[in-house]
Amino acid sequence: MSNKAGKGGSFILERALSSSIAVPEELPPEVKELGQVAYEFCEKEVISRVDDFENSETKVQTNIEVLKLAGEQGLLMTEIPEEYGGLGLNLSAATLLAEKSAQYGSFTVSMLCHTGIGTLPILYFGNKDQHDRYLPLLATGEWLAAYALTESNFGSDALGARTRADLSEDGKHYILNGEKIYITNGGFADFFTVYAKVDGKHFSAFLVERTYPGITIGPEEHKMGIKGSSTTSVILEDVKVPVENVLGKIGEGHKSALGVLDIGRFKLGIGVMGNAKRIEGVAAVYANERSQFKSLISKFGMIRRKFADMSAKIFAVESMGYRTAGMIDEAVEALDHSAEDFSSQVGKVFEEFDIECAIMKVMGSETAAFVIDEAVQVHGGAGFIEEYEVARAYRDERINRIFEGTNEINRLLIPGAMLKRSMTGRLHVMPEFMKMNKKLAAGEDLLAGFEDMPLGDLAKAAESARLITLFSFGNTIKKHMAKLQKVEYVMGMGEYFFEKIANMVMHSFAMDSSIARATKLIEMYGEEKAANAVKLAQLVTFEGITKVLSESQELFSSLGDGDAATIAKFRADIDKMTFVPAMDLMAIKDAVAEKVVDLQKYVV
Ligand SMILES: Cc1cc2nc3c(=O)[nH]c(=O)nc-3n(C[C@H](O)[C@H](O)[C@H](O)COP(=O)(O)OP(=O)(O)OC[C@H]3O[C@@H](n4cnc5c(N)ncnc54)[C@H](O)[C@@H]3O)c2cc1C
């Protein structure tokens with residue numbers, strides 16, 4: 001990667017608000033138009049056919065028809081280069097498209113599976129011949145794609161796969177045997193990226209066409225939610241895959257398997273955020289129709305508070321998402337676009353931003369869960385009745401915390417990646433921690449210098465969260481470094497610490513991104529027009545710093561082994577870097593809620 005482009009995870013090392021970030025408000029008009037096309041497509045072609053999607057007799061055919069229609073309208077080809085019939089747009093544009101296409105869970109899953117984990121392995125890890133043969137078909141939706149990694153005994157531990165691939169005697173084919181489960185789009189996909197171990201040892205990826213003899217597609221799973229999407233097993237019995245269809249190198253299947261999950265996670269976070277926006281609007285409409293105690297329920301404080309909290313969480317995910325997309329686009333821009341391995345270099349950029357992608361997955365899915373749960377509550381008993389959209393949305397959202405790597409696995413990934421990069425010198429986390437300790441010992445004010453900034457109080461709180469996070473990470477590593485070399489420790493006791501650190505990192509990123517966006521909106525539109533964004537950033541900041549503080553209390557109680565004096569020393573240091581801004585939280589929430597209730601939608 002060029003020096004110009006930012007590095008993944010670097011927000012942990014940079015003083016809060018030290019960089020200007022990309023925001024959705026500055027997307028070019030033509031991209032916004034494409035977003036509108038996607039939104040209107042969903043309203044017209046998807047929402048109108050929800051009953052066909054949800055009906056087990058018609059869902060496969062409906063998926064095929066609507067996906068192909070989306071393909072005809074250019075909605076499946078955003079990131080595919082123009083030479084292969086795609087639009088060759090950047091990630092920021094694809095992000096808006098993913099957000100606007102996410103109006104109904106089942107279709108979102110089917111579409112993002114095709115454009116994301118279905119198409120991106122070949123796009124980023126395939127060779128020219130493979131691109132020539134398959135990308136034009138995938139770009140238009142003529143062929144639909146799926147990604148087959150999970151097996152019955154290997155889910156989170158996906159690289160363990162038992163599916164085998166053995167080279168045929170004439171050296172022309174790999175013979176695949178095994179069974180993949182829970183494969184999205186399995187019921188109709190024409191094209192699968194299948195992961196298998198060559199000679200039972202070397203984890204590798206294969207491009208498999210549905211028509212290859214030996215493939216059996218299992219029956220549709222009966223699911224709790226996203227019932228309108230297709231999920232099946234894929235059984236491979238002596239399936240002959242031409243050697244030309246090995247994706248990447250033998251033994252390097254993990255690169256595409258995991259690399260593509262980074263972008264899959266990012267897009268999932270964006271998609272569910274888009275859906276959460278819709279559901280917040282649905283709840284606001286209901287709250288303005290339903291009266292109790294001779295008053296609209298939208299006038300009740302506890303109902304209004306829900307709209308404020310929903311909006312703040314959505315704002316945080318939206319701000320982190322477009323910021324991340326902007327950073328990735330900047331890194332991709334800096335690559336040599338004429339290089340033969342350009343696509344694979346793009347794949348590596350996503351890997352560089354794996355921390356941000358994992359944050360998007362966890363915070364996006366947990367925000368959607370929160371928003372949709374509150375939307376059901378706003379509906380009261382009606383929220384439990386299937387004829388109301390929120391009931392289905394409630395069942396549909398649950399999967400988001402499970403697939404594309406469970407939220408536990410993604411939480412592990414965040415401090416895990418920080419540790420790995422710190423040890424290899426790619427991210428100087430421990431040197432920064434040492435510097436911070438020296439400053440603390442010298443009695444320096446670590447939070448000085450924010451006074452003259454437009455949102456100085458909020459920026460100071462974001463810096464406070466970042467420093468406490470760094471302090472927590474550094475002390476955890478210092479104390480447990482030897483044990484953290486052992487996988488059994490990391491996956492045992494180590495996870496208690498890692499989970500806390502992951503939560504702190506996520507909130508730090510959310511705060512910094514939300515405040516940076518509000519600051520930019522003040523610059524773009526002036527204080528009056530950016531007033532609501534500032535309020536949203538205030539809410540994100542307050543929640544973030546209080547969460548970081550409570551997580552650090554729990555973490556240091558164990559880092560201090562329960563010893564009162566040691567814990568008191570840690571607390572004294574944390575106090576020196578703690579700043580919780582003063583604000584009239586309830587008045588802010590009421591003002592944010594007022595806008596949502598008035599406009600009946602999420603609004604910045
Ligand atoms: C509707 C649906 C669609 C799917 N689509 C696809 C698809 O298209 N392609 C595909 O390949 N797969 C797909 N999957 C599979 C999905 O990715 C896996 O279900 C998921 O990764 C979890 O694996 P698992 O079910 O085996 O759970 P397990 O790995 O058995 O996990 C069980 C629990 O243990 C926790 N756990 C596991 N390891 C750890 C750890 N080290 N530390 C802490 N906790 C841990 C998990 O977080 C979880 O809470 C889909 C699944 C569903 C339900």
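The values are calculated or read from the model by the stated rules, or taken from the named source; none is laboratory data. Everything numeric here is computed off the predicted structure, so don't read it as measured data. Note: ideal-geometry Cβ built from the backbone for every residue, glycine included; neighbour counts use all protein chains shown. These accessible areas exclude ligands, DNA and RNA; they are computed on the full protein's heavy atoms, side chains included. Shrake-Rupley method; radii C 1.70, N 1.55, O 1.52, S 1.80 Å.
Extending 7 Å from the Cα toward the beta-carbon at both K299 and M453 defines two label points whose distance is 4.2 nm.
In deg cm²/dmol and to the nearest 500, what is the mean residue ellipticity at 222 nm of the chain if only DSSP H runs of at least 4 residues count, each as -39500 (n - 2.57), divided by the residue total? Each step should come with its number before you reach the end.
Numbers: 20 runs with 336 residues, N = 604.
Helices in the chain give a 222 nm mean residue ellipticity of -18500 deg cm²/dmol.
Please label the shape of segment 32-111 as rounded, prolate or oblate, based on the square roots a ≥ b ≥ c of the eigenvalues of the alpha-carbon gyration tensor (a/c under 1.5 means rounded; beyond that, a/b larger than b/c means prolate, else oblate). Prolate shape, in that a/c is at least 1.5 and a/b is the bigger ratio. Atom-type composition of the exposed protein surface of the chain places 53 percent of the accessible area on carbon and sulfur (1.4 angstrom probe).
Solvent-accessible area per residue for the chain at a 1.4 Å probe radius, Å²? Please list the in-between numbers first.
On the way: 24740 Å² over 604 residues.
Accessible surface, normalised per residue, equals 41 Å².
Among the GluC sites (Glu not before Pro) in segment 425-472, those placed in a DSSP loop whose Cβ has at most 10 other Cβ atoms within 10 Å are E451. The trypsin sites (Lys or Arg not before Pro) found in segment 138-182 that occupy coil by DSSP, while having at most 12 further C-beta atoms within 10 Å, are K172.
Shape call for the chain from the C-alpha gyration tensor, a ≥ b ≥ c root eigenvalues: rounded (a/c under 1.5), prolate (a/b greater than b/c) or oblate?
Values: a/c = 1.74, a/b = 1.25, b/c = 1.40.
Verdict is oblate for the chain.
If one puts a single equal scatterer on every Cα of segment 391-503 and applies the Debye formula without solvent, what log₁₀ I(q)/I(0) results at q = 0.12, 0.13, 0.14 Å⁻¹? Debye intensities relative to I(0), on a log10 scale: -0.58, -0.66, -0.73.
Is there a pair in K128/K201; K32/K267; K483/K547; K32/K529; K32/K277 whose C-alpha atoms are over 24 Å apart, and which pairs would that be? Could the numbers behind the result be given before it?
Details: K128/K201 27 Å; K32/K267 17 Å; K483/K547 27 Å; K32/K529 20 Å; K32/K277 17 Å.
From K128/K201; K32/K267; K483/K547; K32/K529; K32/K277, over 24 Å: K128/K201; K483/K547.
Given the alpha-carbon gyration tensor of segment 61-202, what are the semi-axes of its equivalent ellipsoid in whole angstrom, ordered largest first, with each equal to the square root of 5 times an eigenvalue? Each step should come with its number before you reach the end.
Details: eigenvalues 157, 67, 35 Å².
Sorted largest first and rounded, they come to 28, 18, 13 Å.
The calculated FRET efficiency for A564 paired with M224, based on their beta-carbon distance and R0 = 60 Å, is about 0.80.
Across the chain, where is the longest run that never hits chymotrypsin sites (Phe, Trp or Tyr not before Pro) in a DSSP loop with at most 15 other C-beta atoms within 10 Å?
Numbers: sites that count: F293, F300.
Free of exposed loop sites, the longest segment is 301-604.
Between segment 6-65 and segment 447-507, the alpha-carbon centres lie 31 Å apart. In order along segment 185-195, phi translates into HN-Hα couplings of 6, x, x, 9, 4, 8, 8, 10, 8, 10, 9 Hz, rounded to whole numbers, per the Karplus curve 6.51 cos²θ - 1.76 cosθ + 1.60 with θ = phi - 60° and x for Gly and Pro.
Just the number, please: Stokes-Einstein D of segment 408-599 in µm²/s, Kirkwood Rh from C-alpha pairs, 25 °C, 0.890 mPa s. Intermediate results must be reported in sequence, preceding the final value.
Numbers: Rh = 17.9 Å.
It comes out at roughly 137 µm²/s.
Does segment 216-264 classify as rounded, prolate or oblate by the C-alpha gyration tensor (a ≥ b ≥ c root eigenvalues; a/c under 1.5 gives rounded; else a/b over b/c gives prolate, otherwise oblate)?
Details: a/c = 3.67, a/b = 1.42, b/c = 2.57.
Cα axes put segment 216-264 in the oblate bin.
Within the shell defined by Cβ-Cβ distances under 9 Å, the residues around G9 carry a net charge of 0, with Lys and Arg each +1 and Asp and Glu each -1.
I'd like to compare 252-264, 356-368: which one has the highest average count of other Cβ atoms within 10 Å, and what's the full order after that?
356-368, 252-264
Scanning residues 5 or more positions from G8 or on other chains, none has an amide H under 5 Å from its amide H, with H placed 1.01 Å from N in the peptide plane.
The slack in the chain from E33 to N127, taken as 0.36 nm per residue of separation less the alpha-carbon distance, amounts to 30.6 nm. Between the alpha-carbon centres of segment 180-204 and segment 308-387 there is a gap of 26 Å. You can think of it this way: the chain between T424 and A591 has 55.4 nm of extra reach, that is 0.36 nm per residue less the Cα-Cα gap.
Between the DSSP loop rule and a limit of at most 12 other Cβ atoms within 10 Å, which GluC sites (Glu not before Pro) in segment 37-70 are left?
Values: sites: E40, E43, E45, E54, E57, E65; in loops: E57.
Those that pass, being in a loop and sparsely packed, are E57.
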